[in-house]
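Visitor: Sharing a structure with you now.
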Amino acid sequence: MSRRSFLKAMAAGGSLIGSPGLAGTSWRIQGSDRGDLRLVFYTDIHADGTAETSQALAMAAMAINTQRADLVLCGGDLIAGGASLTPDQAAPRWDAYMDMVRAIEAEHHAVIGNHDLVGVRPSDGSDALSDPRRDFKQRLGLRQSHGTFEALGYRFILLDSLRVSDDAHRYHGWVSSEQIAWLRELLSSIPAANPIVLVLHMPLLTTFFSATRGATFEAPPNRVVINNIEVLKLFADHNLILVLQGHLHVTEALHWRGTTFLTGGAVCGNWWRGAYFETAEGFNSITLRGDRIDWDYVDYGWTARGEDR
């Protein structure tokens, strides 16, 4: 797909799925006048502590460093299967992920994914943790699982997009009422023209299920943010230029009402079994400029056993 075709689709409010056609694209924004800001956004790592996948994480970190990013943002699912593990069982997986973080040279920020909730229902019958976010916060040195910071005139907002559920799904995509109140207060202090980048694990907006399951398929509550409209309405009078989201393991770009929603693929691809819907194991290289965003999806070169690319 040519850049012209991509921009025409984006202007029409369209969505495109799959890394082969999306690589090397650009679109206009009202950005900051304080200079270019280089980002790497990676998501869905699913560190499991095995030697093979730890080698892949080392390769990914090296490839991320070649981007010379100012900021590295992570979209969640840092480890694999935390909900059914005790903290002791999850520790080697956290160790593997933190080895990757230490190898990354740029400033690093992460949001929580569903696999990062530890001790929700341990499979060995142990008591559930009172705070399944505890290990995530301790490992990342955080007081809470949402936050905000500024860089070169851009406001970054990191959200916790999960709630534990008692149904068969085990969790839902949901931004809590506490975060909604926090967001409302935060946005009241941000000038309307200030460019904002929002980062969360569960997708706020996606066409993945329509594209893969049919136009009338209803997305399950553990695959998208259920109260997405409530969240997005908070930004109605603000310059929300970009939403970075994960969870689906595909690359997708969707433009809606002036905001681009990028679903970020996965470092683990198809859960360490190769590509997923033509999205290879990779990460996103993004440059925020005063008038545009430049974006590419980078395959960092890891090949799953039995995978022939």
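The values are calculated or read from the model by the stated rules, or taken from the named source; none is laboratory data. What you see is a predicted model, and the numbers here were worked out from it, not measured in a lab. Don't worry about glycine lacking a Cβ; one is built from the backbone with ideal geometry, like all the others, and counts go over all protein chains shown. Accessible surface is based on the protein model in full, side chains and every heavy atom, while ligands, DNA and RNA are left aside. Shrake-Rupley method; radii C 1.70, N 1.55, O 1.52, S 1.80 Å.
Visitor: Using a 1.4 angstrom probe on heavy atoms only, work out the carbon and sulfur share of the accessible area of the chain in %.
Guide: In the chain, the share of accessible area belonging to carbon and sulfur is 48 percent.
Visitor: For residue 177, tell me the accessible area in Å² from a 1.4 Å probe, rounded to the nearest 10.
Guide: Near enough 80 Å² of accessible area.
Visitor: If you restrict to DSSP beta bridges whose two residues both lie in the range 132-198, what percentage is antiparallel, to the nearest 5?
Guide: Counting only bridges with both partners in the range 132-198, antiparallel ones make up about 75 percent.
Visitor: Still on this model: Taking the Cα centroid of the range 194-261 and of the range 47-94, what is the distance between the two, rounded to the nearest whole Å?
Guide: 24
Visitor: Pulled fully out, how much extra length does the chain show between residue 230 and residue 289, if you take 0.36 nm times their separation in residues and subtract their Cα-Cα distance?
Guide: Computed gain between residue 230 and residue 289 is 18.3 nm.
Visitor: Could you tell me the calculated FRET efficiency between residue 62 and residue 216, based on Cβ-Cβ distance and R0 = 41 angstrom, to the nearest 0.05?
Guide: Working from the Cβ atoms, E equals 0.40.
Visitor: Loop only per DSSP, at most 13 neighbouring Cβ atoms within 10 Å: give me the trypsin sites (Lys or Arg not before Pro) in the range 132-213, ordered by residue number.
Guide: When the trypsin sites (Lys or Arg not before Pro) of the range 132-213 are filtered for loop state and at most 13 Cβ neighbours within 10 Å, 143 remain.
Visitor: For the chain, give the share of DSSP beta bridges that are antiparallel, in percent and rounded to the nearest 5; count only bridges with both residues there.
Guide: DSSP beta bridges in the chain are roughly 60 percent antiparallel.
Visitor: From the residues 288, 85, 40, which one has its Cα farthest along the dipole of the chain in the positive direction, the dipole being from +1 and -1 charges on Cβ of Lys/Arg and Asp/Glu about the Cα centre?
Guide: Among 288, 85, 40, the one farthest towards the positive end of the dipole of the chain is 288.
Visitor: Here's a follow-up. Just the number, please: percent antiparallel of the DSSP beta bridges in the range 203-309, rounded to the nearest 5.
Guide: Around 75 percent antiparallel, to the nearest 5.
Visitor: Counting Lys and Arg as +1 and Asp and Glu as -1, what is the net charge of the other residues whose Cβ lies under 9 Å from the Cβ of residue 209?
Guide: With Lys, Arg at +1 and Asp, Glu at -1, the net is +1.
Visitor: If you build a Gaussian network model of the chain, linking Cα atoms that sit under 10 Å apart, which residue out of 181, 69, 192 swings the most?
Guide: Taking springs between Cα atoms under 10 Å, the residue moving most is 181.
Visitor: Show the residues, 5+ positions off or on another chain, whose built amide H is closer than 5 Å to the amide H of residue 110.
Guide: Amide H neighbours of residue 110: 74.
Visitor: Please compute the net charge surrounding residue 144, taking Lys and Arg as +1 and Asp and Glu as -1 over other residues with Cβ under 12 Å from its Cβ.
Guide: Net charge in that neighbourhood comes out at +1.
Visitor: Please work out the average accessible area per residue across the chain, using the 1.4 Å probe convention, and give it in Å².
Guide: Averaged over the residues of the chain, the accessible area is 43 Å².
Visitor: Which residue, 151, 161, 113, has the largest displacement toward the positive end of the dipole of the range 39-189 when charges sit on each Cβ (Lys, Arg +1; Asp, Glu -1)?
Guide: Towards the positive end, the residue furthest out is 151.
Visitor: Answer rounded, prolate or oblate for the chain, using the Cα gyration tensor with square roots of eigenvalues a ≥ b ≥ c: rounded when a/c is under 1.5, else prolate when a/b is larger than b/c, else oblate.
Guide: The shape class here is rounded.
Visitor: Of 43, 251, 207, which has the largest mean-square fluctuation in a 10 Å C-alpha GNM of the chain?
Guide: Evaluated over the chain, the most mobile residue of the options is 207.
Visitor: Under a 10 Å cutoff between Cα atoms, tell me which one of 214, 153, 246 has the largest fluctuation in the Gaussian network model of the chain.
Guide: Highest fluctuation among the options: 214.
Visitor: Shape call for the range 167-277 from the C-alpha gyration tensor, a ≥ b ≥ c root eigenvalues: rounded (a/c under 1.5), prolate (a/b greater than b/c) or oblate?
Guide: prolate
Visitor: Among rounded, prolate and oblate, which fits the range 85-150 when a ≥ b ≥ c are the square roots of the eigenvalues of its C-alpha gyration tensor, a/c under 1.5 means rounded, and a/b larger than b/c means prolate?
Guide: Verdict is oblate for the range 85-150.
Visitor: Right, here's the next one. When the label point is put 7 Å from the Cα of residue 138 along its Cα-to-beta-carbon vector, which residues of the range 57-101 have a backbone N closer than 20 Å?
Guide: Within reach of a label on residue 138, which here means backbone N under 20 Å from a point 7 Å along Cα→Cβ, the range 57-101 contributes 77-101.
Visitor: Taking the Cα centre of the chain as the origin, how large is its charge dipole in debye, to the nearest 20, when only Lys and Arg (+1) and Asp and Glu (-1) carry charge on their Cβ atoms?
Guide: With only Lys, Arg, Asp and Glu charged at Cβ, the dipole is about 800 debye.
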